[in-house]
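Beneath this line is the structure, given in structure tokens, with notes to follow.
The values are calculated or read from the model by the stated rules, or taken from the named source; none is laboratory data. These numbers were taken from a predicted model, which means no experiment stands behind them. No Cβ is skipped: glycine too gets one built from the backbone with ideal geometry, and neighbour counts run over all protein chains shown. These area figures cover heavy atoms from the full protein model, side chains too; ligands, DNA and RNA do not enter into them. Shrake-Rupley method; radii C 1.70, N 1.55, O 1.52, S 1.80 Å.
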Amino acid sequence: YLELPGDRRIALRRRAGRSPTLLFLPGYASDMEGTKALALDALAAEQGLAMLRFDYSGTGSSGGRFDEGTLDRWLDEAVAVADLSDGPLIVVGSSMGGWLALHV
């Protein structure tokens with residue numbers, strides 16, 4: 001878990017591996033256990049790449065209420081998770097996550 005300001009607790013999974021780190025941003029109302037996230041994680045494992053995936057506040061295993069989520073809030077969370085990387089990132093987003101990826 002990653003603790004963020006505003007009493008937000010973000011659930012995440014971090015796979016050790018070589019650079020670049022894959023960062024997956026789920027779509028609206030999706031989470032890090034969806035088929036796309038798991039397929040990308042399997043690819044990272046196969047290729048020996050590092051990977052980060054997480055649940056936005058109010059989704060999946062993260063705390064909070066979904067109806068309090070905003071694009072600004074979820075973007076802040078994506079940037080905070082990206083900052084956990086030790087090097088270059090490849091940011092992959094699905095749907096709304098793709099839009100957020102452009103801003104990360």
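A compact table of results
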| read-out | value |
| --- | --- |
| Given (1) under 14 Å from Ile10 (Cβ atoms); (2) among the aromatic types (Phe, Trp, Tyr); (3) open to solvent by 60 Å² or more (accessible area, probe 1.4 Å), number of the condition Tyr28 does not satisfy | (1) |
| Top-ranked residue in the range 31-45 [being open to solvent by 70 Å² or more (accessible area, probe 1.4 Å) and not polar (S, T, N, Q); ranked as farthest from Gly98 (Cα to Cα)] | Leu43 |
| The range 59-86: number of residues that are closer than 20 Å to His103 by Cβ and in contact with an Asp or Glu (Cβ under 6 Å, 6 or more places away or on another chain) | 2 |
| Qualifying residue in the range 4-14 (condition: in a helix (DSSP H, G or I), more than 12 Å from the chain's Cα centre (by Cα) and surrounded by 16 or more Cβ atoms within 10 Å (Cβ to Cβ)) | no |
| The one condition in (1) touching a residue at least 12 places away in the same chain (Cβ under 8 Å); (2) under 12 Å from the mean Cα position of the chain (by Cα) that Ser95 fails to fulfil | (2) |
| Yes/no for Gly64 being part of a loop (DSSP other than H, G, I, E, B), open to solvent by 20 Å² or more (accessible area, probe 1.4 Å), farther than 16 Å from Tyr1 by Cβ and not charged (D, E, K, R) | no |
| Top-ranked residue of the range 67-86 - restricted to ones that are open to solvent by 40 Å² or more (accessible area, probe 1.4 Å) and not in a helix (DSSP H, G or I), ranked as modelled with the lowest pLDDT | Asp86 |
